């Protein structure tokens, strides 16, 4: 897996100050995507153990609320394989930090659609908040918190998985 960039002090992609990992590779190709350069799976740098160590060290800072995964598309099957062991390390190293994930796939597609692979359920169990759905230019709304278009949902994934009913987080 490759990554496009890492932001160690991000306040735009989740609650609090976060470390954000922008993975490379996306097959959605949303019109006017803010990060189209990261559509290419080979873009950027190789995601190595040293990069993992750097992110975990950044997450250990007290002012950091957690990790956010963006892209590209973190939930592309190829990227799930690259993120799986890293997320396990994050959960064991800094269990008090939250994990947010932005995905163009909707939750239902991750559960049983084309993005679902053998480790998807385990990855979803490690994520606290899922912002799902493709960015849709015609539904763009800059007043929305933590999403770019009105079709996207901010899902409390822990509650959703426990109750088997979508639990949305409303920031309005």
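The conditions of being modelled with pLDDT under 95, farther than 21 Å from residue 29 by Cα and surrounded by fewer than 18 Cβ atoms within 10 Å (Cβ to Cβ) are met by residue 143.
Selection within the range 102-123: residues that are touching a helix residue (DSSP H, G or I) at 6+ places or on another chain (Cβ under 8 Å) and crowded, with 18+ Cβ neighbours inside 10 Å. The member of this set that is nearest to residue 50 (Cα to Cα) is 123. Suppose the filter is modelled with pLDDT of 95 or more, at negative phi and touching a strand residue (DSSP E or B) at 6+ places or on another chain (Cβ under 6 Å); does residue 129 pass it? Spelling it out, residue 129 is indeed modelled with pLDDT of 95 or more, at negative phi and touching a strand residue (DSSP E or B) at 6+ places or on another chain (Cβ under 6 Å). Return yes when residue 121 is modelled with pLDDT of 95 or more and assigned to a loop (DSSP other than H, G, I, E, B) and no when it is not. It is false that residue 121 is modelled with pLDDT of 95 or more and assigned to a loop (DSSP other than H, G, I, E, B). Restricting attention to the range 46-88, which residues are out of contact with any strand residue (DSSP E or B) (no Cβ under 9 Å at 6 or more places or on another chain) and not in a helix (DSSP H, G or I)? Scanning the range 46-88 gives 48, 60, 62. Taking the criterion of being within 13 Å of the chain's Cα centre (by Cα) and in contact (Cβ under 8 Å) with a residue 40 or more places away in the chain, the only residue of the range 135-152 that qualifies is 146. Restricting to the range 21-45, name every residue that is surrounded by 14 or more Cβ atoms within 10 Å (Cβ to Cβ), modelled with pLDDT of 95 or more and not in a loop (DSSP other than H, G, I, E, B). Of everything in the range 21-45, those that are surrounded by 14 or more Cβ atoms within 10 Å (Cβ to Cβ), modelled with pLDDT of 95 or more and not in a loop (DSSP other than H, G, I, E, B) turn out to be 21, 22, 23. Against the condition touching a residue at least 12 places away in the same chain (Cβ under 8 Å) and over 14 Å from residue 79 (Cβ atoms), how does residue 11 come out, does it pass? Criteria not met by residue 11.
Does residue 3 satisfy the criteria of being under 30 Å from residue 138 (Cα atoms), outside any loop (DSSP other than H, G, I, E, B) and in contact with a helix residue (DSSP H, G or I) (Cβ under 9 Å, 6 or more places away or on another chain)? Yes; evaluated as a whole, the condition is true for this residue.
Considering only the range 46-58, I want to know if a residue exists there that is surrounded by fewer than 18 Cβ atoms within 10 Å (Cβ to Cβ) and either within 24 Å of residue 147 (Cβ to Cβ) or touching a residue at least 60 places away in the same chain (Cβ under 8 Å) (or both). The answer is no, given that none of the residues of the range 46-58 is surrounded by fewer than 18 Cβ atoms within 10 Å (Cβ to Cβ) and either within 24 Å of residue 147 (Cβ to Cβ) or touching a residue at least 60 places away in the same chain (Cβ under 8 Å) (or both).
The values are calculated or read from the model by the stated rules, or taken from the named source; none is laboratory data. Since this is a predicted model, take the numbers as computed values, not measurements. All Cβ positions, glycine included, derive from the backbone under ideal geometry; neighbour counts span all protein chains shown.
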